[in-house]
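The values are calculated or read from the model by the stated rules, or taken from the named source; none is laboratory data. None of the values given here were measured: they were computed from a predicted structure. Ideal geometry is used to build each Cβ from the backbone, glycine not excepted, and the neighbour counts take in all protein chains shown.
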Amino acid sequence: MNSLEDFAAITLRDEPLAPLTWLKVGGPAQRLIQPRSVDELAAVIRVCHENKITVHMLGGGSNLLVRDEGVSGVVIRLSDPAFSKVSIEGTRLRAGGGAMLSHVITESVKAGLAGLDTLVGIPGTIAGALKGNAGGRNGEIGENIHSVTVITAQGEKFVRQGDELVFEYRHSSINELCVVEAEFELTKDNPDDIAERMHKLWVMKKSTQPLSFQSAGCVFKNPRGLSAGALIEQAGLKGMKIGNCQVSDRHGNFIITEPGAKSADVLKLIDVMKTKVAEAHGVELQLEIQVW
Ligand code: EPU
């Protein structure tokens, strides 16, 4: 049986994950592995599967809280340029799973292609955005998907066509371990018109969200027909602080962290927010961010 020692050249042991997340808290990964190609990625995953080692896929770290004790097993990051290529042919855009969504949006607009522009201001990678169907009131990433190339937890690679995928609010049916590539079908439009629409969305976002602070975006999903941010505000929690973590006083569904913050404090704050909102409104908030 192969072992993880075969991948020593691309492995970092006890590697701090906090700098790789937007909240900048949490402990190290027992092993952080950064493959250099799709084949190498599949090989790492197969070895983990054979040896029953837990694998976590790290994307842009913008929707993630890592616990202070860190993550055992393997964390894989698609940071090699092999995973962030973007190419365009006609109205079809192909992007690697490790490409930053913001970069892909920019490339699409430069080519006069509309569809991804509604996602302006959303952080993260293509893979993470697709798995969680990232979006907002103006659109979601699943709307323009043509196909995705995935790798399963057993290390098998295959293509799933867009029409067999289901995208729902902050959820997609892509349940394979990782997305290595995605193809989007976009529409021709005037680059200046697209840029103007994006600018308006960006200004709106900046006026309602604490974008210049360390945060992981919205912490909770919006309950059907309701706004988690408004519920949190009405429960009197805006500005509440535990340690160096705080409920944003601009938007109730954002937790912001300051230097010295602990993951445990973020978790305590999350707990208080859930409990207080349940008491005040009888609504059980569900986490949008992932906790490792
Ligand atoms: N509101 C308050 N108090 C607050 C926050 C919001 O009263 O503290 C009210 C607003 O005044 C507004 C309503 O709640 O009437 C909705 O607020 P907002 O427009 O800020 O949007 P949201 O529903 O809170 C969603 C997404 C955001 C996305 C925006 C814009 C979720 C959980 N959040 O926020 O996504 O950027 O719409 O499209 O679906 C994320 O997922 O990380 C995220 C930030």
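Here are a few things to note about the model shown:
- Against the test of being part of a loop (DSSP other than H, G, I, E, B), without any contact (Cβ under 8 Å) to a residue 60 or more places away in the chain, within 30 Å of Gly73 (Cα to Cα) and small (Gly, Ala, Ser), the options Gly225, Gly260 yield a single qualifying residue, Gly260.
- Residues that are more than 8 Å from the ligand (Cβ to nearest atom), closer than 19 Å to Arg137 by Cα and crowded, with 16+ Cβ neighbours inside 10 Å within the range 220-262 comprise just one, Leu231.
- Evaluation of Leu211 against (1) assigned to a loop (DSSP other than H, G, I, E, B); (2) closer than 23 Å to Gly60 by Cβ; (3) without any contact (Cβ under 8 Å) to a residue 24 or more places away in the chain (one fails), failing number: (3)
- When each of Leu113, Leu58, Leu78, Leu93 is tested for being more than 15 Å from the ligand (Cβ to nearest atom) and closer than 17 Å to Arg13 by Cβ, the lone residue that passes is Leu58.
- Qualifying residue in the range 137-148 (condition: part of a loop (DSSP other than H, G, I, E, B), outside the structural domain of Val74 (by TED's automatic domain parsing) and more than 16 Å from the ligand (Cβ to nearest atom)): no
- Only residues that are more than 16 Å from the ligand (Cβ to nearest atom) and surrounded by 16 or more Cβ atoms within 10 Å (Cβ to Cβ) were counted in the range 265-282, giving 2.
Matching residues to (1) surrounded by fewer than 17 Cβ atoms within 10 Å (Cβ to Cβ); (2) assigned to a loop (DSSP other than H, G, I, E, B); (3) in contact with a helix residue (DSSP H, G or I) (Cβ under 7 Å, 6 or more places away or on another chain):
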| site | (1), (2), (3) |
| --- | --- |
| Ala29 | no, no, no |
| Pro35 | no, yes, yes |
| Ala42 | no, no, no |
| Cys48 | no, no, no |
| His56 | no, no, no |
| Gly61 | no, yes, yes |
| Arg67 | no, yes, yes |
| Ser72 | yes, no, no |
| Ile76 | no, no, yes |
